[in-house]
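Each remark here refers to the structure printed beneath this line.
What follows draws every value from the coordinates through simple rules; no lab data is involved. Owing to the predicted nature of the structure, the values given are computational and were not obtained by experimental measurement. Every residue, glycine as well, gets a Cβ built from its backbone with ideal geometry; the counts of neighbours run over all protein chains shown.
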């Protein structure tokens, strides 16, 4: 039995982040201001994209992005059934209809063949999700977009640092939303970003994230002189604060090294789990860089414990794990509103019933892995 609980997804926050937050608090400027601007510049340079605008969450970025793409009532948006519900929720908030698409076995990524078959005259956009940090096939996505005239907003909540054919996810020409939530590869505790090559879209993101104001607080109250704002369109309260950005300023430079750490732990899991009744994740596809956000295993159907019982038994041993995810179609709102059945999305349903995410972060030690694997070996012994 471990002395300390192994927390799933606990962030690694160092002294430089703490000092930057303290500097922010002492400066008297804690809202959206110069640190957010610095962080936005750093993210855009890291990704190789012209513009980044930081917001309060990836969900906020998706909601704003859909609005800027002109998605609204009467439109359909293709969304993977295997994703966090925020993806589908953003479509609902736009007043459009999420059309769920089943997954590719193994990776859990959206099945583009099924997505193409689901296109109707009302289909306006597609929202691919780079699940667990694994890039979707960006060439296949581009063909689908161009052949059918679809708008694209990529849900890259898991995928900062992921690459497709040598280019970062976010820099391949589509609106792309990222998350900096507490469990992500880098964290501002809460926060997200929307990136684009279009300067007008970037400016509109900034406006919509703060009530639709023509000027943010930094422009209105800094030492350049007071200026009045005007509301140019109704917006939201989705801005990121300097306190949050202070963390990101020191987290982002560590990202590539942390992904390497995650890859090392990933390979070690592969070796340690090889003889247990579960399926480890497929290797990254050639020509890609997996961001290694989640290490997901699939419990064998004939394992001695069911997935939920296994979760409970691991907690008893002071080990935290996660479930990513129960498919969108299984949640009561979507099930009841659209009449979805588990059999409508068999791959996503099977993943929902069997998936288990193991702790994976720079904070996880080999001793932590050994404790987890030892517990799994005891609990899954045949």
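If you average over every viewing direction, what projected area does the convex hull of the Cα atoms of region 52-124 give, in nm²?
Over every viewing direction, the Cα hull of region 52-124 projects on average to 5.3 nm².
Rounded to two decimals, what is Rg over Rh for region 113-267 when you use alpha-carbon atoms and the Kirkwood radius?
With Rh from the inverse mean 1/r over Cα pairs, Rg/Rh is 1.03.
Considering only 155, 242, 23, give the residue with the highest GNM mean-square fluctuation for the chain, with springs between Cα atoms whenever their separation is below 10 Å.
23
Roughly how many whole Å is it from the C-alpha centroid of region 18-73 to that of region 282-313?
32
Please sort 350-360, 161-171 by packing, taking for each peptide the average over its residues of neighbouring beta carbons within 10 angstrom, highest first.
350-360, 161-171
Return the single residue from 73, 281, 362 with maximal mean-square fluctuation; model: Gaussian network over the chain, springs between Cα atoms under 10 Å.
Highest fluctuation among the options: 73.
Can you pull the one-decimal nm distance between simple spin-label points at residue 370 and residue 230, each 7 Å off the Cα toward Cβ?
6.8
Specify the angular offset, from 0 to 90 degrees and rounded to the nearest 10, of the alpha carbon long axis of helix 58-68 from the longest principal axis of the alpha carbons in the chain.
50
Would you order 229, 333 from fewest to most other beta-carbon atoms within 10 Å of each residue's own beta-carbon?
Fewest-to-most ranking of 229, 333: 333, 229.
At residue 308 and residue 93, where each label point lies 7 Å from the Cα along Cα→Cβ, what is the point-to-point distance in nanometres?
Placing both labels 7 Å along Cα→Cβ, they lie 2.9 nm apart.
Gap in Å between the Cα centre of region 243-263 and the Cα centre of region 103-124?
Measuring centre to centre over Cα atoms gives 32 Å.
Could you line up 331, 51, 158 from fewest to most neighbouring Cβ atoms inside 10 Å? Mind showing how you got there, number by number?
Values: 331 16, 51 20, 158 28.
Ranked by crowding around the Cβ, least crowded first: 331, 51, 158.
Rounded to two decimal places and with Rh computed the Kirkwood way over Cα pairs, what is Rg over Rh for region 15-254? Could you put the intermediate results ahead of the total?
Details: Rg = 17.9 Å, Rh = 18.2 Å.
So for region 15-254, dividing Rg by the Kirkwood Rh gives 0.98.
Among 179, 57, 214, which comes first, then next, by fewest other beta-carbon atoms within 10 Å?
214, 57, 179
Residue 377 to residue 18: FRET efficiency via 1/(1 + (r/R0)^6), r the Cβ-Cβ distance, R0 45 Å, to the nearest 0.05?
Details: r = 38 Å, r/R0 = 0.85.
Efficiency at R0 = 45 Å is approximately 0.75.
Just to confirm the number: angle between the C-alpha axis of helix 138-148 and the first principal axis of the chain, 0 to 90 degrees, nearest 10?
60
Sorted from largest to smallest, which semi-axis lengths in Å does the alpha carbon gyration tensor of region 1-134 give for its equivalent ellipsoid, taking the root of 5 times each eigenvalue?
35, 23, 14
Any chance you could give the angle, 0 to 90 degrees and rounded to 10, that helix 242-251 forms with the longest Cα principal axis of the chain?
Tilt relative to the chain: about 50 degrees.
How far, in nm, would the chain grow between residue 237 and residue 256 when pulled straight, counting 0.36 nm per residue and subtracting the alpha carbon separation?
Working: separation 19, 0.36 × 19 = 6.84 nm, distance 3.14 nm.
So the chain would gain 3.7 nm between residue 237 and residue 256.
Quote the relative contact order of region 255-379 in percent (integer), defining contacts as alpha-carbon pairs under 8 Å separated by 6+ residues. Please report the intermediate quantities before stating the final value.
Details: 128 pairs, mean separation 41.2, N = 125.
Averaging sequence separation for qualifying contacts and normalising by length gives 33 percent for region 255-379.
Taking the chain as a Gaussian network, Cα atoms linked when under 10 Å apart, which of 370, 302, 111 shows the biggest mean-square fluctuation?
302
Calculate, in nm to one decimal, what residue 316 and residue 10 gain on full extension: separation in residues at 0.36 nm each, minus their alpha carbon distance.
Extra length available between residue 316 and residue 10 comes to 108.3 nm.
Quick one: go through region 98-125 and flag any residue whose amide nitrogen is under 12 Å from the point 7 Å out along the Cα-to-Cβ line of residue 341.
None, by backbone N distance to the label point.
What ratio of Cα Rg to 2.2 N^0.38 Å holds for region 255-379?
Against the empirical 2.2 N^0.38 Å value, I get 1.15 for region 255-379.
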